[in-house]
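Peer 1: Quick one: structure below, then a few questions.
What follows draws every value from the coordinates through simple rules; no lab data is involved. Please read these numbers as outputs of a predicted model, since none were measured by experiment. Neighbour counts are summed over all protein chains in view; Cβ atoms, including those assigned to glycine, are modelled from backbone coordinates with ideal geometry.
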Amino acid sequence: MGGDIIATTKVVIGKKPVKMTVARIIFWFLGRGFQAAAKHDSRIRQEVAEWSPDCSIILKINPRGPVMTVRKVDGKLKYMGSSQPQDLELAIYFKNIEGAIPVLTGQKGLAQAYAEHRFTLRGDIGLGMSVVRCMYLLETYLFPGFITKKILKRVPKKQVSSFKIYLATLFG
Amino acid sequence: MIPDYYEFQNSVKILSGKKALENIPFELYNLQASRPIVLTNEMLEKIGLVQTVIKSFAEQEISVGAIYTDIPADSSIEVVNDAARVFREQECDSIIAIGGGSVIDTAKGLSIVITQGSDDIMEYMGSEIITRKNPLPFIVVPTTAGTGSETTLVAVIANHKRKVKMEFLSYNLLPDVAVLDPRMTTTLPPRLTASTGIDALSHAVEGYTCLQKNPLSDAYAFAAINLIREYLDLAVEKGTDAKARLAMANASMLAGVAFSNSMVGLVHAIGHACGGVSQVPHGDAMGILLPWCMEYNMDKLGELYAQLLLPLAGADIYAATPAEKRGQKAADTIREMTSRFNKICGLPVSLQQAGVKKEDLGRIAKTALNDGAVIINPKESEYEDILAILNKAY
């Protein structure tokens, strides 16, 4: 009996490169898609119009996962890649990759993820709600109908075709 | 139904009953503190409730560092910073909050400033941002039975310069101890007793039905509604009844635990907006909006509302109501309750009675959309949906 240490083991923290890569790719699509949808959908445009000038928002997977940043520049939403500006107005941090993947791959809605404490939110929750509404619209364009029916409480009507948003996402 | 995943925390120690106040010094000792700052408001000091608490410390080793009474109805960043200045100047080591929602929110704000070592609480605004740092002993003595703030993870503090209400959600905002002593609520007038009691009911109903509901929060919500059905009328009609007061203090606390873990939805989103735009007292707004929002949610949440008919109306009415009508009956039971209080003490039952101007309904709907509670409501609600509810409630 007692607290003698009879062996020591070096604990190696594993990596999840596949899931991280998937998240990185989806973040790119989301960021570019957000920029495209903000151009073509008046409801997202309206939401962005009410954000403060130069408003920066990031979505990040903690602790060292991918980052997606968008910023309001001259009244328009711009995807800024994975830069992390100092003057952030809102930051949404997924607690880990396992909590993020179901949301990013359309298996779980944002509202449900929030309910399950999958992410934390730094900043004004009112602005967070505006971003959530934008995300609902964005998901309507980027995900097929059978997925949005499952993850959204109510599927919004599209103002333009998903094809148009996809084209703008891929080619600007 | 068991959720795929949920989180639950209620770490608050509850002291409930006669002479509960007298145990505060022991709890401070237990938390290794001896020089608290007492946060309260002028009215509570004037009517002697603060003295009741201080007197209960007689013959015990405790010195009150400061009594801070300058807390308005809406807590603000300026008040929090000023209280922090007094806390530091008087070398206090703990917080005792005596009051309702605004005093307790100020205490939570003070706790953020002191434990995080920062004078700018703006940087902690949001959800689950505050980490546990330099824990500060924190005791709450509620003087209303409605907000449930003594067991919730949320604080709302106004930033008048930026004209925003900052929301802070963190399990690290939970107090260490909540003291429910019937002496603290016996002087509450009938009108306020009804309004705050309905607030507790709205917490329990939304706590039982919103997206984060789980078996633990369900149990707390159910227990709260049972106590409200049994004791709220008595507390309104005979305020001196200590048993009714203690039961309602417990109901409020239980509902607080429920909604702190399952969160609140549409009723609160619209209710907060009614308060912000038209200064409708929170409990009044809850009483007016709750049945209307339940009817809006009925197609999605009818089964859960049906289950709530049992604690809301009792076993006889539940058994006598056909299963498919129980959800609607639950909403009707709440309407009957608020109508009763309307006759007894003038609790408003419409937005018009609460002083809302018809032309403000649009602004209220727009404000409600940006409330964090909207996302937690299981049924989607857009501007038009909220406006329709407001028009019905008018």
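Peer 1: Mind checking the mean number of beta-carbon atoms from other chains within 10 Å of the Cβ atoms in A:86-96?
Peer 2: Working: counts 0, 0, 0, 0, 2, 2, 2, 4, 0, 1, 0.
Rounded to a whole number, the mean comes out at 1.
Peer 1: If I build a Gaussian network model for chain A, linking alpha-carbon pairs within less than 10 angstrom, which residue out of A:PHE119, A:PHE143, A:PHE94 has the largest mean-square fluctuation?
Peer 2: Comparing A:PHE119, A:PHE143, A:PHE94 in a Gaussian network model of chain A, the most mobile one is A:PHE143.
Peer 1: Averaged over peptide A:113-121, how many Cβ atoms belonging to another chain are found within 10 Å of each residue's Cβ?
Peer 2: Shielding by partners across A:113-121 averages 6.
Peer 1: Loop only per DSSP, at most 11 neighbouring Cβ atoms within 10 Å: give me the trypsin sites (Lys or Arg not before Pro) in the stretch A:48-150, ordered by residue number.
Peer 2: Here the sparse-neighbourhood loop sites are A:ARG64.
Peer 1: Can you give the angle from 0 to 90° between the axis of helix B:215-237 and the longest principal axis of chain B, with both taken from C-alpha atoms, to the nearest 10?
Peer 2: 90 degrees
Peer 1: Turning to a different aspect of this structure: Hey, got the average number of other protein chain Cβ atoms within 10 angstrom for residues in A:123-136?
Peer 2: The mean count of partner-chain Cβ atoms within 10 Å per residue comes to 5.
Peer 1: Mean-square fluctuation check for chain B, GNM, Cα pairs under 10 Å: which of B:ILE112, B:ILE228, B:ILE67 is largest?
Peer 2: Residue with maximal mean-square fluctuation among B:ILE112, B:ILE228, B:ILE67: B:ILE67.
Peer 1: With 30 Å as the limit, write out which pairs from A:LYS39/A:LYS60; A:LYS157/B:LYS325; A:LYS60/B:LYS133; A:LYS108/A:LYS157; A:LYS78/B:LYS213 have Cα-Cα distances beyond it, or answer none.
Peer 2: Beyond 30 Å between Cα atoms: A:LYS157/B:LYS325; A:LYS78/B:LYS213.
Peer 1: In square nanometres, what is one fourth of the surface area of the convex hull spanned by the alpha carbons of chain A? Numbers along the way, then the final one.
Peer 2: Details: hull surface 53.2 nm².
Averaged projected area of chain A's Cα convex hull equals 13.3 nm².
Peer 1: So what's the protein assembly as shown giving for Cα Rg divided by 2.2 N^0.38 Å, two decimals?
Peer 2: Taking N as the residue count of the protein assembly as shown, the ratio is 1.00.
Peer 1: Return A:ARG32, B:ARG363 ranked ascending by Cβ neighbour count within 10 Å, so the fewest neighbours appear first.
Peer 2: Details: A:ARG32 21, B:ARG363 14.
Sorted ascending by nearby Cβ count, the order is B:ARG363, A:ARG32.
Peer 1: Between A:ILE25 and B:GLN90, with labels modelled 7 Å along Cα→Cβ, what's the label distance in nm to one decimal, could you check?
Peer 2: With each label placed 7 Å out from Cα toward Cβ, I get 6.2 nm.
Peer 1: Looking at this model, which pairs from A:LYS76/B:LYS165; B:LYS358/B:LYS392; B:LYS108/B:LYS161; B:LYS18/B:LYS55; A:LYS95/B:LYS379 are more than 22 angstrom apart at the alpha-carbon?
Peer 2: With Cα atoms farther than 22 Å apart: A:LYS76/B:LYS165; A:LYS95/B:LYS379.
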